[in-house]
Amino acid sequence: MPTPKKGPRLASSPAHERLMLANMATSLFQNGRITTTLPKAKRLRPLAERLITFAKRGDLHSRRRVMRVIRNKSVVHILFTQIAEQMEQREGGYTRIVKITPRVGDAAPAAVIELVTEPVAKKAVVKEAEAAAKVAEEEAPAVEAEATEAAEAVEAPVEETAAAEAEAPAEEAADAEKAE
């Protein structure tokens, strides 16, 4: 079990922090994005991503575990039907934190935490590797075809020469018979 965080909490007590994070997760799943302070957003991210992972499983036990944190059944329904479908191809990284200008009044560092809804794009490195593999596959048959053609070209003159030599004495013998 991980050791608890040392130092002050986001709120006055651990219970208050837990409830605050649950309310923020509910708002995030309802609206798709929320504006909050940077420390709160950083503490919300692991909780929200874990809840989305449970929603992707989709079984009854996962739904009950999510219901422990998010008490609103309509939000849980949205999480399990819409958000889980959007995140199906994504392997983690379901949320994004973007820093914005400090909050007016107390100049607290503010941030927007939002769900990542863009489709997953393959990494450029994977694309380059796949392109190199295709090029190698295309060149391999061409190289093999050239090698077979070259081998046939080398064998063909030898066969033609042998055939020509075999025909030459026969032709000379035929010419000699005609001359007689």
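The values are calculated or read from the model by the stated rules, or taken from the named source; none is laboratory data. Quick caveat, the model's predicted, so the values are computed rather than measured. We place every Cβ from the backbone using ideal geometry, glycine too, and count neighbours over all the protein chains shown.
Pairs are defined by a Cβ separation below 8 Å, a sequence spacing of at least 6 or placement on different chains, a first member in segment 92-115 that is without any contact (Cβ under 8 Å) to a residue 60 or more places away in the chain and surrounded by 14 or more Cβ atoms within 10 Å (Cβ to Cβ), and a second member that is part of a strand (DSSP E or B) and among the hydrophobic types (A, V, I, L, M, F, W, C); the pairs so defined are 94/115; 96/113; 96/115; 97/111; 97/112; 97/113.
Given the structure, is residue 114 among the charged types (D, E, K, R) and farther than 21 Å from residue 27 by Cβ? Lay out the reasoning, then the answer.
On the way: among the charged types (D, E, K, R): yes; farther than 21 Å from residue 27 by Cβ: no.
No: the conditions fail for residue 114.
Take residue 132 and decide whether it is surrounded by 10 or more Cβ atoms within 10 Å (Cβ to Cβ), at pLDDT below 80 and part of a helix (DSSP H, G or I). The answer is no for residue 132.
Summed over segment 104-123, residues that are in a strand (DSSP E or B) and either touching a Cys at 6+ places or on another chain (Cβ under 7 Å) or not acidic (Asp, Glu) (or both) total 5. Annotation: residue 12 fulfils all but one of (1) touching a strand residue (DSSP E or B) at 6+ places or on another chain (Cβ under 6 Å); (2) over 18 Å from residue 84 (Cα atoms); the unmet one is (1).
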